[in-house]
Amino acid sequence: MLCRITDLRYKEVINVRDGCCLGCVSDIEVDTVTARVVSLIIYGRCRLFGLFFREEDIVISWCDIEIIGEDTILVNMRPDRFERAYRTKGGFFGKLFGV
């Protein structure tokens with residue numbers, strides 16, 4: 001099965017250990033030297049209606065991916081092992097509250 005990067009954005013990511021839906025793929029991380037996908041990134045959910053800030057992003061290593069299907073991506077990760085990445089929060093409130 002061939003899959004484009006834009007097709008990944010609409011696929012839900014589900015953790016097979018607990019059946020939790022982590023969200024949809026928002027971005028990918030690519031190693032430009034080896035031309036390989038390193039990880040998938042799921043942006044954190046909005047807090048307070050998205051006015052102030054977001055939760056932390058979830059970074060899923062490529063080796064944790066089990067299956068990429070038509071509609072979903074199945075990953076095998078312990079919930080306590082989620083690697084969180086911090087995105088720069090912009091805007092007035094982000095600078096005011098330091099988030």
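Taking residues in segment 1-27 that are at negative phi and of a type in the set (V, I, T), and partners anywhere that are open to solvent by less than 60 Å² (accessible area, probe 1.4 Å) and in a loop (DSSP other than H, G, I, E, B), the pairs with Cβ atoms closer than 8 Å and at least 6 places apart or on different chains are V13/V25; I14/C20; V16/N76; V25/K11. Within segment 69-82, the set of residues being modelled with pLDDT of 90 or more and in contact with a helix residue (DSSP H, G or I) (Cβ under 8 Å, 6 or more places away or on another chain) comprises I73, V75, N76. Annotation note: Cβ proximity below 6 Å between a residue of segment 61-76 that is closer than 19 Å to T6 by Cα and of a type outside the set (S, T, Y) and a residue that is outside any strand (DSSP E or B) and open to solvent by 40 Å² or more (accessible area, probe 1.4 Å) (sequence gap 6+ or interchain) occurs for L74/V16. Number of residues in segment 1-20 that are more than 14 Å from G69 (Cβ to Cβ) and either open to solvent by 50 Å² or more (accessible area, probe 1.4 Å) or hydrophobic (A, V, I, L, M, F, W, C) (or both) equals 8.
Of all residues in segment 54-78, those satisfying the criterion of being under 12 Å from the mean Cα position of the chain (by Cα) and outside any strand (DSSP E or B) are E55, E56, W62.
Applying the condition of being without any contact (Cβ under 8 Å) to a residue 24 or more places away in the chain and either in a strand (DSSP E or B) or open to solvent by less than 80 Å² (accessible area, probe 1.4 Å) (or both) to segment 28-38 and asking which residue is nearest to V59 (Cα to Cα) yields I28. Criterion applied to R54, R47 was being touching a Cys at 6+ places or on another chain (Cβ under 7 Å) and modelled with pLDDT under 90, and the one residue passing it is R54.
The values are calculated or read from the model by the stated rules, or taken from the named source; none is laboratory data. What you see is a predicted model; the values in this text were computed from it and never measured. Every residue, glycine among them, receives a Cβ derived from its backbone with ideal geometry; neighbour counts consider all protein chains shown. Areas reflect the complete protein model, heavy atoms only, side chains present, ligands, DNA and RNA absent. Shrake-Rupley method; radii C 1.70, N 1.55, O 1.52, S 1.80 Å.
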